[in-house]
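Report on the structure given below.
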Amino acid sequence: METKEKRPVIFSGIQPSGMLTLGNYIGALRRFSELQDQYDCIYCVVDEHAITVRQNPADLRRRCLELTALYLASGLDPQKSILYCQSHVSAHAELAWILNCFTYMGELNRMTQFKDKSAKHADNINAGLFTYPVLMAADILLYQTSYVPVGADQKQHLELTRDIAQRFNGVYGDVFTVPEPLISKTGGRVMSLQEPERKMSKSDPEDTFISLIDDPDTIRRKIKRAVTDSESEIRFDPENKPGVSNLLNIISALTGESTDDICAGMAGQGYGALKTRVADCVIEALSPMQAEYKKLIADKEYLMKVQAESAEKAAYLAQKTLRKVQKKIGFAAR
Ligand code: AMP
Ligand code: TRP
């Protein structure tokens with residue numbers, strides 16, 4: 001990926017902790033391929049983050065390949081973008097250790113994802129879950145990243161990453177680029193179909209999310225059962241009508257139409273019609289990717305080749321930053 005003029009770097013990561021949901025797609029994945037012609041894009045399968053929650057080894061290994069296939073199926077081109085597994089590039093863990101020494105307990109204590117996850121996994125509140133955002137900062141800062149496309153739930157982690165970078169730069173000079181989040185206005189937070197006050201998550205029960213490999217019948221069934229409210233008016237009002245507003249948001253994110261226009265266009269129609277419209281939009285958005293995914297997932301060798309070649313490119317770039325950091329800190333010369 002050596003281009004003549006230097007372009008800003010985009011970095012993002014997704015955990016291989018389950019099949020991705022419509023939330024992952026709208027909040028993150030679908031935007032990745034739109035960026036690859038304008039920027040130097042690096043997309044990571046963050047398996048080291050995934051083990052903060054106990055994983056079955058065979059499942060984890062399989063999901064890393066599945067996520068690589070989904071990256072490709074969503075339109076990412078391995079000639080343009082780097083698509084690799086975090087554990088294949090040791091610099092992530094090495095920089096994370098260093099950055100741990102530049103992060104305060106108080107900062108990590110404030111992270112809402114840590115609070116949520118430790119409530120959910122009360123039997124396994126491990127130190128990795130606590131320092132998870134530091135590893136994420138290392139991921140981003142290793143590549144001199146300018147922009148990080150993520151869902152709204154990652155905003156706090158991005159702010160911490162910026163604080164760590166600025167703190168480090170303040171002591172040692174301009175070592176890290178200070179990154180900015182790219183959070184989409186309409187699709188930054190897709191909510192659960194059953195509890196629309198909570199975000200859609202791949203670790204929740206099946207009927208609360210649309211999986212990216214759900215077939216059209218399953219998608220229609222899940223959306224038909226989505227929780228709405230006891231009124232009948234299609235109106236965008238996230239506070240009082242979270243279920244209906246979530247459905248409107250999904251249409252808006254997938255079609256680009258504003259929620260106002262969608263409501264105006266559906267005036268007088270009921271929730272049944274709204275749900276049909278949502279299902280149509282979701283099926284239309286996911287079908288081409290699903291067809292491509294089916295082909296790719298059958299070719300394990302190709303997927304592993306993409307991972308290996310990308311990891312080599314990523315390691316080269318990461319090593320440059322890591323060496324600079326080690327030198328600034330005063331680690332023994334090699
Ligand atoms: P994760 O599955 O936690 O690794 O998330 C991968 C990416 O998807 C991150 O950028 C998240 O912010 C984004 N994401 C996850 N869930 C949602 C959601 N319900 N709505 C929007 N974005 C999401
Ligand atoms: N923490 C992110 C999530 O849970 C995943 C992630 C890890 C990430 N490292 C990253 C996202 C670096 C963007 C950049 O969704």
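The values are calculated or read from the model by the stated rules, or taken from the named source; none is laboratory data. Since this is a predicted model, take the numbers as computed values, not measurements. Glycine gets a Cβ as well: all are built from the backbone with ideal geometry, and neighbour counts include every protein chain shown.
Would you check if residue 148 is outside any loop (DSSP other than H, G, I, E, B) and either within 14 Å of ligand 2 (Cβ to nearest atom) or touching a residue at least 60 places away in the same chain (Cβ under 8 Å) (or both)? Spelling it out, residue 148 is indeed outside any loop (DSSP other than H, G, I, E, B) and either within 14 Å of ligand 2 (Cβ to nearest atom) or touching a residue at least 60 places away in the same chain (Cβ under 8 Å) (or both).
Taking region 111-140 as the range and being of a type outside the set (D, E, K, R), near ligand 2 (Cβ under 10 Å from one of its atoms) and surrounded by 17 or more Cβ atoms within 10 Å (Cβ to Cβ) as the test, the residues that pass are 132, 133, 135, 136, 137, 138, 140. For the condition in contact with a Leu (Cβ under 7 Å, 6 or more places away or on another chain), on the phi < 0 side of the Ramachandran plot, at pLDDT 95 or above and aromatic (Phe, Trp, Tyr), residue 172 does not qualify.
If the condition is being in contact (Cβ under 8 Å) with a residue 24 or more places away in the chain, farther than 24 Å from residue 68 by Cα and either in contact with a Ser or Thr (Cβ under 8 Å, 6 or more places away or on another chain) or buried (at least 16 other Cβ atoms within 10 Å of the Cβ) (or both), then region 200-234 contributes 220, 222, 223, 226, 227, 228, 234. Of all residues in region 130-156, those that are among the aliphatic types (A, V, I, L, M) and within 13 Å of ligand 1 (Cβ to nearest atom) total 6.
Scanning region 46-89 for residues that are touching a residue at least 60 places away in the same chain (Cβ under 8 Å), hydrophobic (A, V, I, L, M, F, W, C) and not in a helix (DSSP H, G or I) gives 46, 51, 53, 82, 83, 85, 89. Restricting attention to region 16-45, the residues that are within 9 Å of ligand 2 (Cβ to nearest atom), at pLDDT 95 or above and surrounded by fewer than 23 Cβ atoms within 10 Å (Cβ to Cβ) total 0. Being under 17 Å from residue 292 (Cα atoms) and of a type in the set (A, V, I, L, M, F, W, C) is a property that residue 83 has. When 65, 70, 76 are screened for being of a type outside the set (Gly, Ala, Ser) and in contact with a Ser or Thr (Cβ under 6 Å, 6 or more places away or on another chain), only 76 passes. Only one entry in 163, 237, 217 is modelled with pLDDT of 95 or more, more than 11 Å from ligand 1 (Cβ to nearest atom), part of a loop (DSSP other than H, G, I, E, B) and of a type outside the set (Lys, Arg), namely 237. Taking each residue of region 268-297 that is in contact (Cβ under 8 Å) with a residue 60 or more places away in the chain and looking for partners that are acidic (Asp, Glu) with beta-carbon atoms closer than 7 Å, six or more apart or interchain, yields 297/66. Residues in region 46-67 that are away from ligand 2 (no atom under 11 Å from the Cβ) and polar (S, T, N, Q) were compared, and the one that is surrounded by the most Cβ atoms within 10 Å (Cβ to Cβ) is 55.
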